[in-house]
1. Quick check on the stretch 400-412: of everything there that is within 19 Å of the chain's Cα centre (by Cα) and part of a helix (DSSP H, G or I), which residue is farthest from Glu321 (Cα to Cα)?
2. Out of Asp33, Asp61, Asp79, report the one residue that is in contact (Cβ under 8 Å) with a residue 40 or more places away in the chain and more than 30 Å from Ala220 (Cα to Cα).
3. Given the stretch 174-251, what helices (runs of 4 or more DSSP H) lie entirely inside it while holding 2 or more residues that are β-branched (Val, Ile, Thr), open to solvent by less than 20 Å² (accessible area, probe 1.4 Å) and touching a residue at least 24 places away in the same chain (Cβ under 8 Å)?
4. Are any residues in the stretch 394-443 of a type outside the set (A, V, I, L, M, F, W, C), open to solvent by less than 10 Å² (accessible area, probe 1.4 Å) and farther than 23 Å from Ser257 by Cβ, and if so, which ones?
5. So for the stretch 319-327 (the condition being open to solvent by less than 70 Å² (accessible area, probe 1.4 Å), hydroxyl-bearing (Ser, Thr, Tyr) and under 20 Å from Tyr394 (Cα atoms)), does at least one residue qualify?
6. For residues that are among the polar types (S, T, N, Q) and modelled with pLDDT under 80, scanning just the stretch 2-43, find the one that is farthest from Asp359 (Cα to Cα).
7. Take Ser357 and decide whether it is farther than 24 Å from Ala47 by Cα and either assigned to a helix (DSSP H, G or I) or under 17 Å from the mean Cα position of the chain (by Cα) (or both).
8. Return a yes/no flag: does the stretch 338-348 have any residue that is more than 20 Å from the chain's Cα centre (by Cα) and more than 26 Å from Ile289 (Cβ to Cβ).
Amino acid sequence: MYRLALVCTVLAAACGGASHVKGGDPAFARLVDDYFDADARFSPTGAVGNGFHAYDAQIEDRSKPRIEARIGELHGFLDRFARLDRAKLGFDDAIDAEALEAQVKTELLQLETLRTWARNPMMYAGLPGGAVDALMKRDFAPKHDRLRAMVARLRGVPALYTAARANLSEPPAKEFTDVAIVMAKGTSGFLEGSVATWARDAAAGDAALLADFETVNRAAAAAAKAFVDWLEHDLAPRSTGAYALGEPRFLELLKDSELVDLPLADLLAKGEANLKKDHDAFVAVARQIDASKSASEVMEMLGNDHPTADDLIPAVRRSVEAARQFVVSKDLVTIPSEVRPKIEETPPYARGTGFASMDTPGPYETRATEAFYYVEPVEASWDAKHKEEHLRLYNAPVVNLINFHEAFPGHYVQFLYSPRYPTKTRKLTGTGTNAEGWAHYAEQMMVDQGFGNGDPKIRLAQLSEALTRDCRYVVGIKLHTQGMTVEDGAKLFTEQCFQPAAVGYVEARRGTFNPTYLYYTLGKLEIQELAADYMKAKHATLKQFHDAFIAQGALPIPLVRKLLLERP
């Protein structure tokens, strides 16, 4: 999972952020600048994460009037896109205009049509933790200064939760509320624990500043706990809403967010065919490992080689370098830095939605350049069975695949390229089919290129990861267009993708609030097709394709195809 955010542009000139390519259209350049500046005002946490710090002392205003104002802003940007003379735009500006307009349409669909702000408490539950963590985890300014900004942000937390209670007027799906409770509980614990510890150090003897912090932090933690209580005792009993988008909205979201325009039947058939192909291959490889056992029993055997709860994070740390060394030795892609990511526990406010993620600074951050490879730890509150099933996911062969996806040559390598992307739009936008598609493509590519020296356990792990994404593809479509329940989806994950029950349920539940998480498999397939076409047309090597692909940024794959194959 790759965490993408947008940034502000009020300091773009000072940071060297070109709005467009040289010789581009000035009106379009102003549109780009205005869009990202407005976005940063609406989402100041994203601005911090991407290296712009004009809004460090602000936290998101999610009151209904502010959301309605944002909807108005987005319509204004669509009007400006409509007035652009596309025929006069240069090749690169035209690509960027299509990408940025699609992003505006996606956000407008979420806010105005799907109204996620009125029916999904998740968008509020973890936001305070993320807003504070953005100031705390990266050393972009002296700690004392960041603590002052943190105090200002914490002061706005109670109002954020007040807005949430007022906005959530439509019954949410049970699954949304369940995850929001986990996130909100993590937020309160995070504020009282890690944040308070950090603040005492950051105050550096400034008693007045520390006293201000303690006052606002107590109020913020209390507001988070009150929000948990409200979620559990008020919202949860009336969380009877539907999560399904329906076919028209599902296809509209996919087209706006990924520029994918396929009929639903064709889209589903593509996913089901890939699921069958990978399932059959998985069974064949499992038979190669131990013909006396069923495929599920072989996968269960693979899970036996897992770390303890205490050794989970250290075990992942020990394993990452092998992936990097293989990429270098096989000359698969240029890695433009010797710096490694930091491997840490997923912050408490962000848990409950996945098992690993890469959290990187934005392309305009010049000082705080640490990237965090997060691994979701075992929770003390889980029962023994849940703990064991969670740890089994991190068996040694599968961890190699997670390393390919999150670090080398996956998301972390994408991050290393991001400051080099040629335009502001390409630096600051991203799509799942590209970002996640590349990381998932990398898993299979690494094994195809010989990682593991033909060890069938490594291939089985790769196919296991592929099956998980194939099931996401199918489950996402069926949850939202064909009446599938989360329990039915979990069953598909366990029976067809050989996932433990606890993992299967979490995976299926994710589809309720991440409806287009087919982008992993769909993106991988699109990239494989593009690789073949590029190498044939350009007489290029695989490495040359990889370098060229990553250098374009995380644009929708159809736009990358234009950049690589249709440039005049």
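The values are calculated or read from the model by the stated rules, or taken from the named source; none is laboratory data. Just so it is clear, the structure is predicted and the values come from calculations on it, not from any experiment. Positions of Cβ are backbone-derived with ideal geometry, glycine not excepted, and every protein chain shown enters the neighbour counts. Keep in mind that these areas ignore ligands, DNA and RNA; they rest on the heavy atoms of the full protein, side chains included. Shrake-Rupley method; radii C 1.70, N 1.55, O 1.52, S 1.80 Å.
1. First, pick out the residues of the stretch 400-412 that are within 19 Å of the chain's Cα centre (by Cα): 401-412.
Checking which are part of a helix (DSSP H, G or I) leaves us with 401-406, 411-412.
Details: Leu401: 13, Ile402: 13, Asn403: 9, Phe404: 10, His405: 13, Glu406: 13, His411: 15, Tyr412: 13 Å.
Step by step, filter the stretch 400-412, then rank; the result is His411.
2. Numbers: Asp61 fails: more than 30 Å from Ala220 (Cα to Cα); Asp79 fails: in contact (Cβ under 8 Å) with a residue 40 or more places away in the chain.
It is Asp33.
3. Values: elements: 174-190, 196-203, 207-230.
Where helices (runs of 4 or more DSSP H) fall fully within the stretch 174-251 and carry at least 2 residues being β-branched (Val, Ile, Thr), open to solvent by less than 20 Å² (accessible area, probe 1.4 Å) and touching a residue at least 24 places away in the same chain (Cβ under 8 Å), they are 174-190, 207-230.
4. Tyr394, Asn395, Asn403, Pro409, Tyr412 - these are the residues of the stretch 394-443 that are of a type outside the set (A, V, I, L, M, F, W, C), open to solvent by less than 10 Å² (accessible area, probe 1.4 Å) and farther than 23 Å from Ser257 by Cβ.
5. Initially, the stretch 319-327 is screened for residues open to solvent by less than 70 Å² (accessible area, probe 1.4 Å), giving 319-324, 326-327.
Imposing the further condition that a residue be hydroxyl-bearing (Ser, Thr, Tyr) reduces the set to 319.
With under 20 Å from Tyr394 (Cα atoms) added as a condition, the list becomes 319.
Scanning the stretch 319-327, I find at least one residue that is open to solvent by less than 70 Å² (accessible area, probe 1.4 Å), hydroxyl-bearing (Ser, Thr, Tyr) and under 20 Å from Tyr394 (Cα atoms), so the answer is yes.
6. Going residue by residue through the stretch 2-43, those that are among the polar types (S, T, N, Q) are 9, 19, 43.
Restricting the remaining residues to those that are modelled with pLDDT under 80 gives 9, 19.
On the way: Thr9: 21, Ser19: 24 Å.
For the stretch 2-43, the residue satisfying everything is Ser19.
7. Values: farther than 24 Å from Ala47 by Cα: no; either assigned to a helix (DSSP H, G or I) or under 17 Å from the mean Cα position of the chain (by Cα) (or both): yes.
For Ser357, the condition - farther than 24 Å from Ala47 by Cα and either assigned to a helix (DSSP H, G or I) or under 17 Å from the mean Cα position of the chain (by Cα) (or both) - is not met.
8. Of the stretch 338-348, the ones more than 20 Å from the chain's Cα centre (by Cα) are 338-339.
Cutting the leftovers down to more than 26 Å from Ile289 (Cβ to Cβ) gives us 338-339.
The answer is yes, given that some residue of the stretch 338-348 is more than 20 Å from the chain's Cα centre (by Cα) and more than 26 Å from Ile289 (Cβ to Cβ).
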